[in-house]
Amino acid sequence: MMPWMQALAGGMLLGLSAMVLLIGNGRIAGISGIFGRMLDGSQVAANAAFLLGLLAGPPVFAALAGHPPAVVVQAGWPAVLAAGLLVGVGTRMGGGCTSGHGILGLARFSKRSMVATGVFMATGFATATLMGVLR
Amino acid sequence: MIARLAVALLAGVLFGLGLSLSGMVDPARVLGFLNLAGRWDPSLAFVLGGALLVAVPGVMVQRRLARPVLDEQFHLPQARAVDARLVFGAALFGIGWGLAGFCPGPALAALSLGLAPVVLFVAAMAVGMVAHDRLVAPAIARRIENHQAR
């Protein structure tokens, strides 16, 4: 499969996952919300089950594809630490991330999610491009 | 309850598989999309497009249903206002995303590969989330209350 076909098929699996959770359990598949609520101690069992499945995803892929997915972290540890803190605070303050706002929110034509997605895409492009130029 | 947990588990596996197949579990691929100065990798746009190709008709079906299969009602976000918190939070998230190429889903999925920087990212993200919920959010709520009292 060409990379763009894998990207499209993988994206469709993300959409399918979101629909399974929405139509089955009536819940939004927003990862920052699911992880944040679990840390907060609400609906621990269902959120933990989703996260367990998410963790199992790469090993299941490895078993099917014959090789694990590539994960290359280019950033040094100070950038990784700062990135984690910013993503943690930002997703809770903004009420979602690439999944909740970017997939579910856009699919629901939510104005909040359209604004949030536009903003995090803009600052994401700006930051990564600046880091790329400086490197 | 067991059925609901099974559905949540299945949704999680599908999500992790989708991130692995699409390559989005790899922060280098995400940065390849976000960094416009390098060799641009359009994959992330195809991933979002593929997800919406399924989710848009899915939501149309969901809107015709009175309730989900395994619950009494849908649990959907109630907030409608585009406020400073939404914009500022999304801006901070985007900066963090662009710094290392990780957002919450891929970082959590990649934990299973046992790489030290991924563990560090997830630990820092958890600290950021708890710090927001316990310290930042209550402080903002107090300021809004004081502002309204005046």
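A Cβ distance below 8 Å, combined with a sequence gap of six or more or placement on separate chains, defines the contacts here; from segment B:48-73, residues that are farther than 20 Å from A:Thr117 by Cβ reach residues that are open to solvent by 80 Å² or more (accessible area, probe 1.4 Å) and in a helix (DSSP H, G or I) in the pairs B:Leu70/B:Arg4; B:Asp71/B:Arg4.
May I ask you to verify whether A:Ala79 is small (Gly, Ala, Ser), out of contact with any strand residue (DSSP E or B) (no Cβ under 8 Å at 6 or more places or on another chain), closer than 26 Å to B:Arg80 by Cβ and facing chain B (nearest Cβ under 7 Å)?
Answer is no for this residue.
I want to confirm something. Restricting to segment A:1-24 and keeping residues that are more than 7 Å from chain B (Cβ to nearest Cβ) and either closer than 21 Å to A:Arg108 by Cβ or not in a helix (DSSP H, G or I) (or both), which single residue is least open to solvent (accessible area, probe 1.4 Å)? Applying the filter and picking the extreme gives A:Met2.
Okay, residues lined up against (1) among the hydroxyl-bearing types (Ser, Thr, Tyr); (2) at pLDDT 95 or above; (3) at positive phi; (4) part of a helix (DSSP H, G or I):
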position: B:Ser20; (1), (2), (3), (4): yes, yes, no, yes
position: B:Val25; (1), (2), (3), (4): no, yes, no, no
position: B:Val30; (1), (2), (3), (4): no, yes, no, yes
position: B:Phe33; (1), (2), (3), (4): no, yes, no, yes
position: B:Leu36; (1), (2), (3), (4): no, yes, no, no
position: B:Asp41; (1), (2), (3), (4): no, yes, no, no
position: B:Leu44; (1), (2), (3), (4): no, yes, no, yes
position: B:Gly49; (1), (2), (3), (4): no, yes, no, yes
position: B:Gly58; (1), (2), (3), (4): no, yes, no, yes
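Looking across segment B:46-78, the residues that are open to solvent by 100 Å² or more (accessible area, probe 1.4 Å) and under 30 Å from A:Trp4 (Cβ atoms) come down to B:Leu53, B:Met60.
The number of residues in segment A:66-90 being part of a helix (DSSP H, G or I) and open to solvent by 50 Å² or more (accessible area, probe 1.4 Å) comes to 4. Listed conditions (1) open to solvent by 30 Å² or more (accessible area, probe 1.4 Å); (2) among the small types (Gly, Ala, Ser); (3) not in a helix (DSSP H, G or I) are all met by A:Ala126, apart from (3). Being more than 20 Å from B:Val25 (Cβ to Cβ) and under 17 Å from the mean Cα position of the chain (by Cα) is the requirement here; does A:Val119 meet it? The answer is yes for A:Val119.
The values are calculated or read from the model by the stated rules, or taken from the named source; none is laboratory data. Small disclaimer: the values here were computed from a predicted structure and weren't measured. Counting neighbours? That spans all protein chains shown, and the Cβs are built from the backbone with ideal geometry, glycine included. Please note that ligands, DNA and RNA were not included when accessible areas were found on the heavy atoms of the full protein model with its side chains. Shrake-Rupley method; radii C 1.70, N 1.55, O 1.52, S 1.80 Å.
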